[in-house]
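Throughout, read-outs are computed from the coordinates displayed, never taken from laboratory work. What you see is a predicted model, and the numbers here were worked out from it, not measured in a lab. Neighbour counts are summed over all protein chains in view; Cβ atoms, including those assigned to glycine, are modelled from backbone coordinates with ideal geometry.
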Amino acid sequence: MRANFIFSEVWIGLRRNLTMTIAVVITVAVGMAMLGIGLMINAQVTMMQGFWYDKVEVSVFLCGKNTPMPSCKGKPISAQQTKDLQGEIQGMPGVEQVLYENQATAYANFQKTYAGNKLLVQATTVDDMPTSFRVKLKDPNNYQPIVQALQGKAGVSQVTNQKDLVNQFFGLLDKLRSGALAVAIVLVLAAALLIGNTVRLSAFNRRRETGIMRLVGASNLYIQLPFVMEGVISGLMGGVIAAVMLIVAKVFLFEEIARYFAFGSQLGWDSVASVITLTMVIGVFICVLASFVTLRRYLRV
């Protein structure tokens with residue numbers, strides 16, 4: 001009987017404040033979705049950093065016949081210079097491995113990397129590809145001495161550290177993550193205020209019923225429970241909608257991004273499930289907390 005009464009009160013409260021309830025659900029859903037996307041970006045960045053930082057290399061591009069770099073001065077590197085330079089790089093402290101990449105191999109890698117841009121691939125020939133050394137370092141963070149030692153050497157057109165390029169990309173992702181989390185915090189605060197207003201309005205509309213319940217000796221928890229349940233239901237509904245939005249983001253956003261990265265650095269469904277669970281728990285907790293705080297201040301039981 002008591003359970004039936006509580007559920008009937010919850011239904012009455014949701015029905016009387018339908019527009020406010022819908023606003024709460026939508027705000028919670030969007031806020032939890034933004035929070036979830038921020039957490040998913042964080043998981044993706046962490047996974048990619050762990051995957052790529054161990055694979056970054058220093059690329060030493062060599063002078064060819066058509067190399068426009070001023071350091072080459074129109075003179076291609078000779079076979080003997082190439083061999084001597086490879087031995088010199090291999091003997092440098094901190095160098096783990098040196099791989100020579102000829103024009104054919106460079107062109108094959110170019111075709112794989114830009115397979116989606118057929119016009120660019122068709123407009124590029126094998127002769128356009130530079131030869132290079134791929135230098136694998138024992139410590140990817142200690143690349144400055146290698147780069148400084150190789151820049152300006154005879155036969156070297158350019159020295160590129162891949163970690164600088166990777167860090168720029170990760171910096172962009174960090175900004176996206178911070179922006180998503182900032183928007184999520186604002187929306188969560190807005191949801192808490194909406195929940196508080198909804199509970200206060202519901203308590204005001206039912207002040208006569210709650211007054212009678214106090215007169216007959218009902219406990220504070222029993223009086224507060226229908227209002228808290230309204231917040232829980234709103235939080236759960238918002239969490240479910242946010243979960244759907246996060247699944248859609250995984251399929252249409254993160255899966256598309258993953259196509260451009262190596263297998264092993266992709267965001268897994270286990271991480272998505274953890275994010276969905278966490279956001280639903282946070283959403284319900286915020287709704288319950290906002291309901292309790294509002295009731296203590298406005299219901300006076």
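Given the options Leu85, Ala123, Phe61, identify the residue whose Cα lies farthest towards the positive end of the charge dipole of segment 57-139 (+1 on Cβ of Lys, Arg; -1 on Cβ of Asp, Glu).
Ala123
Can you sort Tyr107, Tyr143 so the residue with the fewest Cβ neighbours within 10 Å comes first?
Exposure proxy ranking, most exposed first: Tyr107, Tyr143.
Within segment 57-139, how many lysine pairs that are 8 or more places apart, or on different chains, have C-alpha atoms less than 29 Å apart?
Here the count comes out as 15.
Could you give the length gained by full extension between Val186 and Thr160, i.e. 0.36 nm per residue of separation minus their alpha carbon distance, to one decimal place? Could you put the intermediate results ahead of the total?
Values: separation 26, 0.36 × 26 = 9.36 nm, distance 4.11 nm.
Result for the pair: 5.2 nm of gain on full extension.
Note down the nm distance, to one decimal, between modelled labels 7 Å out along Cα→Cβ at Val95 and at Phe292.
6.4
Using only the Cα atoms of segment 62-174, each taken as one equal point scatterer with no solvent, compute I(q) by the Debye sum, divide by I(0), and report log10 of the ratio at q = 0.09, 0.13, 0.21 Å⁻¹.
The Debye formula, applied to the Cα set alone, gives -0.28, -0.59, -1.27.
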